[in-house]
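Right, one structure below, let's go through it.
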Amino acid sequence: MDEVRLIEVKEDIRADNEKKADGLRSQLKAEKTLLMNLMSSPGAGKTTLLMKSIGMIKDEIKVGVMEADIDSKVDAEKMVAQGIPAIQLRTGGFCHLDANMVEQGLGAMDVKGLDLIIIENVGNLVCPAEFDTGAVLNAMLLSVPEGDDKPLKYPLMFSICDVLIVTKTDYLSLSDFDMEAVKERAKKLNSNIKIFEISAKSGDGLEAWTDWLKNEVLTFVK
Amino acid sequence: MHELPVTEKILDIIVSHAQRNNVQKVVSVNLRVGELSDLENEWIQHYFDYLAKDSVAEGAKLVIERVPVVMHCNGCGESFQVDVKAMKEIQCGNCDSKDYTLVSGKDYYIKDMEVI
C-alpha cells in the first residue's frame, strides 16, 4: 500500500478574488470613480431606492449602474428608461457578484466621466457579504417588513457594510419593527456603521442619505 | 447554493496542487473556515463529493477547523476574540475601545492535504 504523505497548500480560496478587487480599487481611484456595492434581500427595494436617489443627485454627480441578477434584465431596462446609464449582469445561477464579474461589467460600461458607479448586487444577505467586489463603499438596504432581527441572523453582512439604509419606514405604523433595536444590533457588530432611515415611496429621509452619498463621492473624486 | 462556488474553488486549488505533486489520490483536506462564514460543514462535504467525482480528489474527506473572530483594537493595538453569536457589544477587553478592525473570522484557508 502506498504511503500517505502531507502536502502543504497554504492558500486562501478568496486570495485571487481579493487581489483582483484591490486591483479594481486602484484602477477606479486613478479614474476618479467611486464604486459602491449595494446589497439587500430580494424585494427590499434596491431598484426603487436607486432610481429615486440618482434622480436627486444626477445634476451634480454622473452616475452609472451595474445591475446583477441571476436572470432577466428588467432592472437595467428600468434604469435606462429613466436616462440612467446601466448595464445588466446575469450571474447565471451564481448567488453573488465577485471581482471578476465586476471587472467584466466595467469593461462593458463607459466608465470615463462617471463619478459614481453603483452595483446593485444579487438580492441575498449571505453570499454577497463574503466576496469583495472591489467597491470602496459597501451599503446595505434593510426594509421594515423584513423585521428587526436581521442583524442577529446575518451578522457578517452588517459587519462589512459602511452604511445601513433602513427603508419602507412608511410601514412602521403597521408593524412591530423596533428601529432602536436594529440600530443597536447593527452598531454592536460594527461601531462605525452609518445609519439612515428612509421611505423611498414618500421621500422621507431621502435627502439626508443622498447628501451623505454626494459628499462621499465629491470627497473621493477630488 | 452559497457553498457551491466556494467548494468549486476549493476543488480547483486542491487539483492544481495534486497535479504539481504527482498525487494519485487525495485522502483528506484540512481547511480553516472563519466563524463569520455561513457555511455548513455537512453541505460543503456534499457539494465536494458531487464536484470531485472522477477527479484525483474523489472521496476525499474535508476536515474543517473553525477560526474564531478576532479583532485588532485600533486604540491600544491589542487583539481580542469576539463571540459574534452572543450579540454583546464588541469592544476591546484591554482599553474598552470600540474602534477595531477584523483580523480573522472570514477565512477560507486550505492548510494542507493528505495524499497518496
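The values are calculated or read from the model by the stated rules, or taken from the named source; none is laboratory data. Keep in mind that this is a model prediction, so the values were computed, not measured. No Cβ is skipped: glycine too gets one built from the backbone with ideal geometry, and neighbour counts run over all protein chains shown.
One table, with the values for the structure above:
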quantity: Which listed residue is closer than 21 Å to A:V221 by Cβ and either charged (D, E, K, R) or at pLDDT 95 or above (or both), from A:G134, A:G105; calculated: A:G134
quantity: Failed item in (1) touching a residue at least 40 places away in the same chain (Cβ under 8 Å); (2) part of a helix (DSSP H, G or I); (3) within 14 Å of chain B (Cβ to nearest Cβ), with A:K183 passing the rest; calculated: (1)
quantity: Considering residues of region A:42-87 that are β-branched (V, I, T) and in a loop (DSSP other than H, G, I, E, B) only, the residue modelled with the lowest pLDDT; calculated: A:I70
quantity: Criterion (more than 22 Å from B:T101 (Cβ to Cβ), touching a residue at least 40 places away in the same chain (Cβ under 8 Å), aliphatic (A, V, I, L, M) and out of contact with any Pro (no Cβ under 9 Å at 6 or more places or on another chain)) met by exactly one of A:L137, A:L152, A:L142, A:L106; calculated: A:L106
quantity: Boolean, B:S16 is of a type outside the set (F, W, Y) and assigned to a helix (DSSP H, G or I); calculated: yes
quantity: Strands (runs of 3 or more DSSP E) (entirely within region A:92-172) containing at least 1 residues that are within 14 Å of chain B (Cβ to nearest Cβ); calculated: A:137-143
quantity: Checking B:V103 against (1) assigned to a loop (DSSP other than H, G, I, E, B); (2) away from chain A (no Cβ under 11 Å), the condition it does not meet; calculated: (1)
quantity: Tally of residues being facing another protein chain (nearest Cβ under 9 Å), out of contact with any helix residue (DSSP H, G or I) (no Cβ under 9 Å at 6 or more places or on another chain) and not in a strand (DSSP E or B) across region B:21-60; calculated: 1
quantity: Pairs where the first residue, in region A:5-17, is within 7 Å of chain B (Cβ to nearest Cβ) and touching a residue at least 12 places away in the same chain (Cβ under 8 Å) and the second is crowded, with 16+ Cβ neighbours inside 10 Å and part of a strand (DSSP E or B), C-beta under 7 Å, 6+ apart; calculated: A:R14/B:Y108
quantity: Failed item, numbered, when B:V82 is tested on (1) surrounded by 14 or more Cβ atoms within 10 Å (Cβ to Cβ); (2) farther than 26 Å from A:C127 by Cβ; calculated: (2)
quantity: Test: residue in region A:194-212 that is over 28 Å from A:K62 (Cα atoms), surrounded by fewer than 18 Cβ atoms within 10 Å (Cβ to Cβ) and out of contact with any helix residue (DSSP H, G or I) (no Cβ under 6 Å at 6 or more places or on another chain); calculated: no
quantity: Members of region B:102-116 that are under 14 Å from the mean Cα position of the chain (by Cα), charged (D, E, K, R) and more than 19 Å from B:K85 (Cβ to Cβ); calculated: B:K111, B:D112
quantity: Exclusive hit being free of Cβ contacts under 8 Å to residues at least 12 places away in the same chain and buried (at least 16 other Cβ atoms within 10 Å of the Cβ), set B:Q91, B:Q45; calculated: B:Q91
quantity: Failed item in (1) free of Cβ contacts under 8 Å to residues at least 40 places away in the same chain; (2) not in a strand (DSSP E or B), with A:V217 passing the rest; calculated: (1)
quantity: Some residue of region B:15-35 being closer than 28 Å to A:A186 by Cβ, within 17 Å of the chain's Cα centre (by Cα) and of a type in the set (S, T, Y); calculated: no
quantity: Members of region A:189-205 found to be among the hydrophobic types (A, V, I, L, M, F, W, C) and over 17 Å from the mean Cα position of the chain (by Cα), listed by number; calculated: A:L189
quantity: Selection within region A:1-41 - in a strand (DSSP E or B) and either basic (K, R) or farther than 27 Å from B:V115 by Cβ (or both); calculated: A:R5, A:K10, A:L34, A:L35, A:M36, A:N37, A:L38, A:M39, A:S40
quantity: Filter result for B:I64 (within 11 Å of chain A (Cβ to nearest Cβ), more than 30 Å from B:K98 (Cα to Cα) and among the aliphatic types (A, V, I, L, M)); calculated: no
quantity: Residues of region B:90-116 satisfying the condition of being closer than 15 Å to A:I7 by Cβ and among the charged types (D, E, K, R); calculated: B:K111, B:D112, B:E114
quantity: Unmet criterion (only one of (1) among the small types (G, A, S); (2) surrounded by fewer than 17 Cβ atoms within 10 Å (Cβ to Cβ); (3) within 25 Å of A:M56 (Cβ to Cβ)) for A:S191; calculated: (3)
